[in-house]
Amino acid sequence: MSDKLGVMTYGDVSKQSPETQAAIEQEVRALLKDSYDRAKHILKTYSKEHKTLADALLRYETLDAKEIQMVLEGKSLDH
């Protein structure tokens, strides 16, 4: 699904014209690059939160939603 190719299924790409095959490949590459860039941005932007949450999971093994929120707010889970 893309603005360039629309919302459709192309099925067996080998049965498409070379131009359509190239357009599909170009769109797939663009979608993958965009997704990769967005994921990388999210990981960089929230790296502190990821580390904090990973450390808490290593320490406590499981966390419920309330505990996750507490960890992300910097609150202690020790009672």
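From the Cα gyration tensor of the chain, with a ≥ b ≥ c the square roots of its eigenvalues, which class applies: rounded if a/c is under 1.5, or else prolate if a/b is larger than b/c, or else oblate?
Working: a/c = 4.51, a/b = 3.55, b/c = 1.27.
The shape class here is prolate.
Taking 22 Å as R0, compute the FRET efficiency from the Cβ-Cβ separation of Lys51 and Ser2 and round it to 0.05. Kindly include the intermediate steps, with their values, before the conclusion.
On the way: r = 35 Å, r/R0 = 1.60.
The computed FRET efficiency comes out at 0.05.
Got the relative contact order for the chain handy, in percent, Cα pairs under 8 Å and 6 or more residues apart? Mind showing how you got there, number by number?
Values: 23 pairs, mean separation 13.6, N = 79.
Worked out over the chain, it gives 17 percent.
On a straight-distance basis, which aspartates and glutamates could pair with Lys15 in a cross-link, Cα separation under 17 angstrom, same-chain partners fewer than 8 positions away excluded?
List returned: Glu25.
Only the coordinates and a few stated rules stand behind these numbers; no lab work does. As the structure is a computational prediction, the values presented were derived from the model and not from experiment. Backbone-built Cβ (ideal geometry, glycine too); neighbour counts: all protein chains shown.
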